[in-house]
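A.B. asks: Before I ask anything, let me first share the structure, which is written out below as structure tokens.
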Amino acid sequence: MRYGHFDDQRREYVIERPDTPLPWINYLGTEAYFGIVSNTAGGYSFYRDARLRRLTRYRYNNAPFDLGGRYLYVRDDATGDFWSPSWQPVRGSLDDYECRHGLSYTRIASARDGIRAETLYFVPLGETLEVWRVRITNERDAAADLSLFSSVEFCLWDAQDDATNFQRNFSTGEVEVADEVIYHKTEYRERRDHFAYFACSEPLAGFDTQREAFLGPYRGWDRPVTVERGAASRSVAHGWAPIGSHHVRLGLAPGESREVVFVLGYAENPRDEKFDPPGSQTINKRRVRPVIERWLRPETVAAGFAALGEHWDRLLGGLRVTTPDVDTDRMVNVWNAYQCMVTFNLSRSASFFESGIGRGMGFRDSNQDLLGFVHMIPERARERILDIAATQKTTGGAYHQYQPLTKRGNNDIGEGFNDDPLWLVLGVSAYVKETGDETILDEPVPFDNEPGSEAPLYEHLLRSLRYTQHRLGPHGLPLIGRADWNDCLNLNCFSDTPGEPFQTTENVSGGVAESVFIAGQFVLAAKELAAIAELRGLTGEATEFRAAAEKMTGVIVEHGWDGAWFRRAYDFSGNPIGSSTDDEGQIFIEPQGMCVLGGVGLGDGMAVRALRSVEQRLATPHGIVLQQPAYSGYRLELGEISSYPPGYKENAGIFCHTNPWIMIAEAMVGNGERAFDYYRRINPSVREAISEVHRCEPYVYAQMIAGRDAPTHGEAKNSWLTGTAAWNLVAITQWILGLRPELTGLRVDPVLPASWPGFRATRVFRGATYEITVRKPAGTTGRVSYLLVDGERVDGTVVPPAGPGAVVRVEAVVES
């Protein structure tokens, strides 16, 4: 069943009922200030770092599930009846409800007893604030006297401390109310120089800043005593739980509408200008007051919202496709690209499933995310690469995560995930292919952010490759370390203590655990670095890297091939994992994808045999599972992968991140039919029709779908912040549709389903616009025979780069 529909014209997903299977969320913000907002207005806001600069509270895993948010209450002052326009938290009956999630904004509208309310939430470009524009319309035949109440609950900045350190926090909360603006200033008296503010465009009938005064004793957000009695108490918080709530009275004639603007924001002052007057404890508001005044004006809000739409027009305008498949079009043109931008901004830090407390920016994650957004924001991709590289160790190893506020490596997680360094090579390669910007390779970048340790980025790439070469096991395969891409395959851990973290507990020494996955990744990275070296005229290094790739390919063939598929690894004692000799976990998806991506087995039929095994043993109607058979019990020698019940997460769940590797591999062997079939199996737009099974949002990818061994096969979890987004965009646009950036130009080499007659696309590449038409006889398969570039025949499939501003017309002719 469906809970809404796509409005493709407006680039919105329209939710038609509030009781979705899970909270279906969206993101506000594109730069430094961000917010999560659900279809019932749940969520929270933060500045740059979801843990250290959280503005508002949100309670994860609560009942109801989605508790805490940007709540409004409308009260009929004649009857005392009140309701929430977003349904939550009151959850009263509504005559009408609609939530429209758009690109960095959400609009929630509803009606009850002849009163309609519509709220637009968005973060303006260039600002550290969010706007709530509320329109209240009286659709009755008689005049209506109404009250409108706003509410947020302030977080005391550090979300981890806020949720645990109550002996301190119940005494530190402070607010200031000046000119009817509520300022949250907990710890501003001491080491903080930042504060939050909550303002309203209308004159106030009252306000509240103390949670208990607003809610009343033993009451929740569903029936605040202030709203029930229709009058705020003008409470000022001293400790306990600071909130922000405005009370506005509205008298509306029949048919009349009124607009009320609320602004919630973050501001900082220089340390020597924190107070006004100096020596007082009063916030210096001279800088922030003009900002508040400007954004409370309806005309400023309208212009800011229009600018946000134009921003997304520019970002999405660089790649547009028209294919025979509507699900492909809406994902490529809008939702997949949008999700890639969200992962760029937030990595894996803050979602409905990620609390914003435990994870920073991943070294591996951020390099892969870059693959999906580099064509939209190449200049920010360049900055991200340099930030990532600056956390690399002198050994070539890498911190597994770094913190967005400090951009320094996270010592709590540390290093030793031995696939991490190679992702830097692949990320930089993608950037250079897209932009042609070779200067980044000479950019001085420190190691571990230590001044004086700077070396050209190219040297960082060399050390990434050598890190793997210097850490080989007895078979000549790369040592796995703490884990490879699969953080839950912990072959050196041997954890038997409840609650002990698998990834960070001290590894047992003396093991020889090796990864076939990293071996395939090394082959791919070495070939990419060879191409970069050749581009720089370093033919000797290019030859060296290709030789290293060829040598590792030989090792994979000898020790990584199991007869019908690639093995996964060798354990601590040198026993194979992912082999037909194993009783469980005989075949894994990861090496089947990554080895073929590296070109292993393409010439001798091994790749085709491995992919046939994937189809026969791993593919399900809901996607391709991670391994089979699932592990039925906990295995000390394997770690976290066997800690999950069968069919969930890494234990034979459909880990969607890996599915695009198989799509790409199928395209590489020329099987467009199967590549596209796999693409549709996990495509959220396709799965919209089974939303009661899928449960997560039907407009973005999820990290995981329950596998065939699970009782809830087909149920998705961990939506939004996943490398699935970037890799699916790469799989569909660069390999199935075949529009692939190369160092020498733009390749047009699609591998299409037989039923397609072709497609059209617009692709901006290095400043030029390519208008591409692919023609193919329907019912046939085949590859591009030749290109017509501005009417001139070009042999091969690569269109040379044109100058910035040029418009190039490309026709690709596919013959069976």
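A.B. asks: How many angstrom separate the Cα center of the stretch 1-29 from the Cα center of the stretch 469-507?
C.D. replies: 40 Å
A.B. asks: Follow-up. Using alpha carbon centroids, what distance separates the stretch 519-551 and the stretch 687-717, in Å?
C.D. replies: The stretch 519-551 and the stretch 687-717 have Cα centres spaced 40 Å from each other.
A.B. asks: Which residue, 301, 315, 282, has the largest displacement toward the positive end of the dipole of the stretch 279-338 when charges sit on each Cβ (Lys, Arg +1; Asp, Glu -1)?
C.D. replies: 282
A.B. asks: Pick out the long, greasy-scoring helices in the chain: whole DSSP H runs spanning 20 Å or more along their own axis by Cα, mean Kyte-Doolittle at least 0.0.
C.D. replies: Span-like helices here: 298-316, 420-435, 516-535.
A.B. asks: Treat each spin label as a single point 7 Å out from the Cα along the C-beta direction, and report the residue 299 to residue 636 distance in nm.
C.D. replies: With each label point 7 Å from Cα toward Cβ, the separation is 7.5 nm.
A.B. asks: So for the pair residue 60, residue 580, with labels modelled 7 Å out along Cα→Cβ, what separation do we get in nm?
C.D. replies: 4.3 nm
A.B. asks: Over 24 Å, how big is the tail of the calculated P(r) for the stretch 707-810, in percent of all Cα pairs? Before the final figure, lay out each step's value.
C.D. replies: Values: 1945 of 5356 pairs.
Every Cα pair in the stretch 707-810 considered, those over 24 Å come to 36 percent.
A.B. asks: Oh, and also: When all protein chains stay in place, what accessible area (Å², nearest 10, 1.4 Å probe) is found for residue 99?
C.D. replies: 0 Å²
A.B. asks: Something else: Residue 570's amide H: which non-local residues (gap 5+, or another chain) put their own amide H closer than 5 Å, with H modeled 1.01 Å from N in plane and none for Pro or chain starts?
C.D. replies: The list, which skips near neighbours in sequence, is 514, 515, 516, 577.
A.B. asks: Below 8 Å between Cα atoms, with a sequence gap of 6+, how large is the relative contact order for the stretch 267-368 in percent?
C.D. replies: Once divided by the residue count of the stretch 267-368, the mean separation gives 11 percent.
A.B. asks: What is the percent carbon and sulfur in the accessible area of the stretch 1-156, measuring with a 1.4 Å probe over the protein chains and ignoring ligands?
C.D. replies: The C+S portion of the solvent-accessible surface of the stretch 1-156 is 42 percent.
A.B. asks: Before I look further, what does the chain give for accessible area per residue, probe 1.4 Å, in whole square angstrom? Before the final figure, lay out each step's value.
C.D. replies: Working: 27800 Å² over 816 residues.
Heavy-atom SASA per residue in the chain reads 34 Å².
A.B. asks: In addition: Keeping the other protein chains in place, figure out the carbon and sulfur percent of the accessible area of the stretch 716-816, with a 1.4 Å probe. Could the numbers behind the result be given before it?
C.D. replies: Values: 1800 of 3650 Å².
Summing carbon and sulfur atoms, their accessible area is 49 percent of the total for the stretch 716-816.
A.B. asks: Be a star and scan the stretch 344-383 for residues whose amide nitrogen sits under 19 Å from the point 7 Å along the Cα-to-Cβ vector of residue 453.
C.D. replies: The answer is 361-364, whose backbone nitrogens lie closer than 19 Å to the label point.
A.B. asks: Oh, and also: Counting only protein chains, not ligands or nucleic acids, how are 84, 643 ordered by accessible area (probe 1.4 Å), most first?
C.D. replies: Numbers: 84 0, 643 60 Å².
I get 643, 84, largest accessible area first.
A.B. asks: About the Cα centre, and with charges only on the beta carbon of Lys, Arg (+1) and Asp, Glu (-1), how big is the dipole of the stretch 233-279? Nearest 20 debye, please. Spell out each step's value before the answer.
C.D. replies: Numbers: 5 positive and 6 negative charges, 53 e Å.
Its charge dipole is roughly 260 debye.
A.B. asks: Could you give the length gained by full extension between residue 271 and residue 469, i.e. 0.36 nm per residue of separation minus their alpha carbon distance, to one decimal place?
C.D. replies: In short, 66.4 nm is gained.
A.B. asks: Please name which of 255, 601, 628 has its Cα lying farthest along the dipole of the chain towards the positive end, using unit charges on Cβ (Lys, Arg +1; Asp, Glu -1) and the Cα centre as origin.
C.D. replies: Going by the Cα projections, it comes out as 255.
A.B. asks: What Kirkwood hydrodynamic radius, in Å, does the stretch 68-198 give when the mean of 1/r is taken over all pairs of distinct Cα atoms and then inverted?
C.D. replies: Working: mean 1/r = 0.0584 Å⁻¹.
One decimal place: 17.1 Å for the Kirkwood radius.
A.B. asks: Let me ask you something else. May I ask you to rank 247, 5, 470 by accessible area, largest first, using a 1.4 Å probe over the protein chains only?
C.D. replies: 470, 5, 247
A.B. asks: Now for a separate question. Kindly list the residues of the stretch 176-211 that lie in the label zone of residue 161, defined by a backbone N under 11 Å from the point 7 Å along the Cα-to-C-beta vector.
C.D. replies: 187-188, 190-192
A.B. asks: Moving on to the next point. Determine the dipole magnitude for the stretch 226-326: charges of +1 sit on the beta-carbon of Lys and Arg, -1 on that of Asp and Glu, nothing else is charged, the reference point is the Cα centre, and the result goes in debye to the nearest 20.
C.D. replies: That gives the stretch 226-326 a dipole magnitude of about 380 debye.
A.B. asks: I would also like to ask the following. Are there GluC sites (Glu not before Pro) in the stretch 1-69 that DSSP puts in a loop and that have at most 16 other Cβ atoms within 10 Å, and which ones? Kindly include the intermediate steps, with their values, before the conclusion.
C.D. replies: Details: sites: 12, 16, 31; in loops: 16, 31.
Those satisfying the criteria are 16, 31.
A.B. asks: If you don't mind, another one. Starting from 0.36 nm per residue, how many nanometres of slack lie between residue 257 and residue 673 once their C-alpha separation is accounted for?
C.D. replies: Gain on stretching residue 257 to residue 673: 144.4 nm.
A.B. asks: Between residue 790 and residue 743, how many nm apart are label points set 7 Å from Cα along the C-beta direction?
C.D. replies: The answer from the label model is 2.6 nm.
A.B. asks: Given a 1.4 angstrom probe, I'd like the percentage of the accessible area of the stretch 347-472 that is carbon and sulfur, rounded to a whole number.
C.D. replies: About 46 percent, which is the carbon plus sulfur part of the accessible surface.
A.B. asks: Determine the gain in length on full extension of the stretch residue 168-residue 141; use 0.36 nm per residue of separation and subtract their C-alpha separation, reporting nm with one decimal.
C.D. replies: So the chain would gain 4.4 nm between residue 168 and residue 141.
A.B. asks: Quick one: ranking 562, 66 by accessible area, 1.4 Å probe, largest first, what do you get?
C.D. replies: 562, 66
A.B. asks: Let me ask something else about it. At 1.4 Å probe size, with no ligands or nucleic acids counted, give the accessible surface of residue 65 in Å², nearest ten.
C.D. replies: Using a 1.4 Å probe on the heavy atoms, I get roughly 90 Å².
A.B. asks: Calculate the radius of gyration of the Cα atoms of the stretch 263-314 to one decimal place, then report Dmax, the largest Cα-Cα distance, as a whole number, both in Å.
C.D. replies: Calculated on Cα positions, Rg and Dmax stand at 15.4, 48 Å.
A.B. asks: To the nearest 0.05, how large is the calculated FRET efficiency for residue 551 and residue 313 if R₀ is 51 Å and r is the Cβ-Cβ distance?
C.D. replies: It comes to 0.55.
A.B. asks: With a ≥ b ≥ c the root eigenvalues of the C-alpha gyration tensor of the stretch 434-579, is it rounded (a/c under 1.5), prolate (a/b larger than b/c) or oblate? Don't skip to the end; give the middle numbers.
C.D. replies: Values: a/c = 2.66, a/b = 1.42, b/c = 1.88.
Here the stretch 434-579 falls in the oblate category.
A.B. asks: What's the whole-number percent of alpha carbon pairs in the chain lying beyond 44 angstrom?
C.D. replies: Everything past 44 Å amounts to 30 percent.
A.B. asks: Another question, if that's okay. Straight-line reach from residue 274: which lysines fall under 24 Å, measuring Cα to Cα and dropping same-chain residues less than 8 apart?
C.D. replies: By straight Cα distance, residue 274 reaches 185, 285.
A.B. asks: Please give the solvent-accessible surface of residue 353 in Å², to the nearest 10, using a probe radius of 1.4 Å with every protein chain present.
C.D. replies: Estimated to the nearest 10 Å², residue 353 gives 70 Å².
The values are calculated or read from the model by the stated rules, or taken from the named source; none is laboratory data. Bear in mind that the values here come from a model prediction, so they are computed numbers and not experimental data. Don't worry about glycine lacking a Cβ; one is built from the backbone with ideal geometry, like all the others, and counts go over all protein chains shown. With ligands, DNA and RNA removed, areas are computed over all heavy atoms of the protein, side chains included. Shrake-Rupley method; radii C 1.70, N 1.55, O 1.52, S 1.80 Å.
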